[in-house]
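Undergrad: Sharing a structure with you now.
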Amino acid sequence: MGLVAMMFKGKGGAMLRTAAVILIGASLAACQSSTDGLDVSQSKTDNSDLEKVTFEELRGYCPKVRLRDGTAYFNTYEGEETSQNVRYQAAITDVSRQCKYENGRLAMTVAVAGRVLLGPKGSSGTIQLPIRVAALKGDTVVYSDIKPYSVEVNTAGATQFIYTDPNIAVDQPDARNIVIFAGFDEGPKKGAATN
């Protein structure tokens, strides 16, 4: 009776707001008292397909990915290496990693995201980006791989790319002493770079 009286005393929008509050409250009460929903107490839990989390994974150690100075950018030129002769300019904008412990090893997937821009001498086409991922334990290289990664570039603006290396596996570390490096690596230069 009191709720009905409140609805009729209000004017215009106040009456509608009051009605909406009453309807929402009634709906929530109905949802909470329903017996047609999922009965968790009687359901059987089957965890056979779930992977067990190891102590190492609970500790949460996943080596950070870093960029070395000079490896976040990669330019290709037509002729002499000047700003007017740039064909493509690639830049790494983000790095990420995922770790998993299995069979006494630390398995990692490293992702490198970036973009490619056309330079004054650029045109639509495919560019090969030399991306290296390496893992170091102190001064010792425990993993290193370089792959040419193909990116289709067009004239519509920056072309985004994501490179993933899912093959990194090192012996389970006994301390937090592994560092991952990712970046562009042309290898030793043999004169001017051309594409």
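The values are calculated or read from the model by the stated rules, or taken from the named source; none is laboratory data. Just so you know, these numbers come straight off a predicted model, no measurement behind them. FYI the Cβ positions are ideal-geometry reconstructions off the backbone, even for glycines, and counts take in every protein chain you see. Note: areas computed on protein heavy atoms with side chains; ligands, DNA, RNA excluded. Shrake-Rupley method; radii C 1.70, N 1.55, O 1.52, S 1.80 Å.
Undergrad: Exactly one condition in (1) open to solvent by 20 Å² or more (accessible area, probe 1.4 Å); (2) touching a residue at least 60 places away in the same chain (Cβ under 8 Å); (3) part of a strand (DSSP E or B) is false for A182; which is it?
TA: (1)
Undergrad: So for segment 151-166 (the condition being among the polar types (S, T, N, Q) and loosely packed, with under 11 Cβ neighbours inside 10 Å), does at least one residue qualify?
TA: Yes, segment 151-166 contains a residue that is among the polar types (S, T, N, Q) and loosely packed, with under 11 Cβ neighbours inside 10 Å.
The rows are residues; the columns are (1) at pLDDT 95 or above; (2) buried (at least 17 other Cβ atoms within 10 Å of the Cβ); (3) not in a strand (DSSP E or B).
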{"residue": "R68", "(1), (2), (3)": "no, no, yes"}
{"residue": "G79", "(1), (2), (3)": "no, no, yes"}
{"residue": "D94", "(1), (2), (3)": "yes, no, no"}
{"residue": "K100", "(1), (2), (3)": "no, no, no"}
{"residue": "L106", "(1), (2), (3)": "no, yes, no"}
{"residue": "K121", "(1), (2), (3)": "no, no, yes"}
{"residue": "P148", "(1), (2), (3)": "no, no, no"}
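Undergrad: Does K64 satisfy being among the charged types (D, E, K, R), surrounded by fewer than 16 Cβ atoms within 10 Å (Cβ to Cβ), at pLDDT below 95 and farther than 15 Å from I180 by Cβ? Before you say what the answer is, go through the steps one by one.
TA: On the way: among the charged types (D, E, K, R): yes; surrounded by fewer than 16 Cβ atoms within 10 Å (Cβ to Cβ): yes; at pLDDT below 95: yes; farther than 15 Å from I180 by Cβ: no.
In short, no.
Undergrad: Restricting the search to segment 161-195, which residues are touching a strand residue (DSSP E or B) at 6+ places or on another chain (Cβ under 6 Å), more than 23 Å from N103 (Cα to Cα) and either modelled with pLDDT of 95 or more or acidic (D, E) (or both)?
TA: Scanning segment 161-195 gives F161, I162, Y163, F181, A182, F184, D185, E186.
Undergrad: If you don't mind, another one. Does I127 satisfy being β-branched (V, I, T), open to solvent by less than 70 Å² (accessible area, probe 1.4 Å) and under 23 Å from T76 (Cβ atoms)?
TA: yes
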